[in-house]
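The values are calculated or read from the model by the stated rules, or taken from the named source; none is laboratory data. Since this is a predicted model, take the numbers as computed values, not measurements. Every residue, glycine among them, receives a Cβ derived from its backbone with ideal geometry; neighbour counts consider all protein chains shown. For accessibility, only protein heavy atoms count, side chains too; no ligands or nucleic acids. Shrake-Rupley method; radii C 1.70, N 1.55, O 1.52, S 1.80 Å.
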Amino acid sequence: MNPKNSSAGRVLRIMDVVSKHGRAISLAEITEQLDIPKGTAHRLCAQLVDMGFLARDIDARSYGIGSALRRLALSTLNHRSIQSLRHQVLIELVKQVEETCNFTTLDGTEVVYLDRVESQWPLRLILDVGSHVPLHCTASGKMMLAHLPPKEFSQIVAHLKLDAKTPSTITSLVDLENECREIRELGYSTDREEFIAGLIAVAVPVYDSHGDVRAVVAMHAPTARMSLEHAKKQLPYLSKAAREMETLL
């Protein structure tokens, strides 16, 4: 079945076509533009009216934007504003440390990049927003693992392949557990060329209002340009950025 013709697809298409008009739109126009049976369109529009996403116009056979759809639009705009503010935090951080910085979180058994600002150096690793990287061999991944509740930690590592990406990758569960314990004690995590040979990274946690680690701010750099010890000297800048990110969760 074409996704556009599923119930969910038709609902979204109805809201889309109504929101694009600068006036109320009749049921006949909806059925014509979307090629939806009249009975189906009437039923879905009635449901959307009940939920507040559409509202009947003076002419009861026409529909306009409802209060719930307006709230959704405002929430979407606010979400974009929050993303813009997060991105600005990373921009300022990169200016300070002069290396690529990332804002990441846990996505199942991997790390997902929520945002990223590249350094201006010609030698750098390029990963797009939305990219996924392993948990067991990245600074961000190990930081997230280190702060999982014991039961959740066990469930996730049970599904991890602790494969060696480089000669430095942790491939033993015992070693990974010890590393996570050390991360909790130190308050930061590192990638000692564990994911990609010649690349090091440091990361710090971003806490939510309940004190749980929700995300990570990380910096990485090629060893040809920065040693791990020098990277650790940038931790105060990363921690400051992480505190700013906490207000933007």
Is it the case that Arg225 is more than 28 Å from Lys151 (Cα to Cα), at pLDDT below 95 and either in contact with a Leu (Cβ under 6 Å, 6 or more places away or on another chain) or not acidic (Asp, Glu) (or both)?
yes
List every residue pair whose Cβ atoms sit under 7 Å apart, with the two residues 6 or more apart in sequence or on different chains, where the first one lies in region 144-158 and is touching a residue at least 40 places away in the same chain (Cβ under 8 Å) and the second, anywhere, is of a type in the set (Ser, Thr, Tyr) and surrounded by 12 or more Cβ atoms within 10 Å (Cβ to Cβ).
Ala146/Ser189; Ile156/Thr109
Every pair of residues 6+ apart whose Cβ atoms lie under 8 Å, when the first sits in region 54-82 and is in contact (Cβ under 8 Å) with a residue 24 or more places away in the chain and buried (at least 16 other Cβ atoms within 10 Å of the Cβ) while the second is hydroxyl-bearing (Ser, Thr, Tyr) and part of a helix (DSSP H, G or I)
Ile65/Ser19; Leu69/Ser19
Qualifying positions in region 154-167 - surrounded by 14 or more Cβ atoms within 10 Å (Cβ to Cβ) and either modelled with pLDDT of 95 or more or assigned to a loop (DSSP other than H, G, I, E, B) (or both)
Leu160, Leu162, Lys165, Thr166
If you check Arg86 against the conditions, is it under 30 Å from Phe103 (Cβ atoms), open to solvent by less than 70 Å² (accessible area, probe 1.4 Å) and of a type outside the set (Gly, Ala, Ser)?
yes
Can you tell me how many residues within region 54-70 are outside any helix (DSSP H, G or I) and either at pLDDT below 85 or over 10 Å from Arg23 (Cβ atoms) (or both)?
11
Can you confirm whether region 24-47 contains a residue that is open to solvent by 60 Å² or more (accessible area, probe 1.4 Å), more than 30 Å from Ala158 (Cα to Cα) and touching a residue at least 40 places away in the same chain (Cβ under 8 Å)?
no
Candidates Leu228, Leu173, Leu199, filtered to the one that is more than 26 Å from the chain's Cα centre (by Cα) and under 30 Å from Leu248 (Cα atoms)
Leu228
A careful count of residues in region 194-212 that are in contact with a helix residue (DSSP H, G or I) (Cβ under 7 Å, 6 or more places away or on another chain) and closer than 26 Å to Lys165 by Cα gives 6
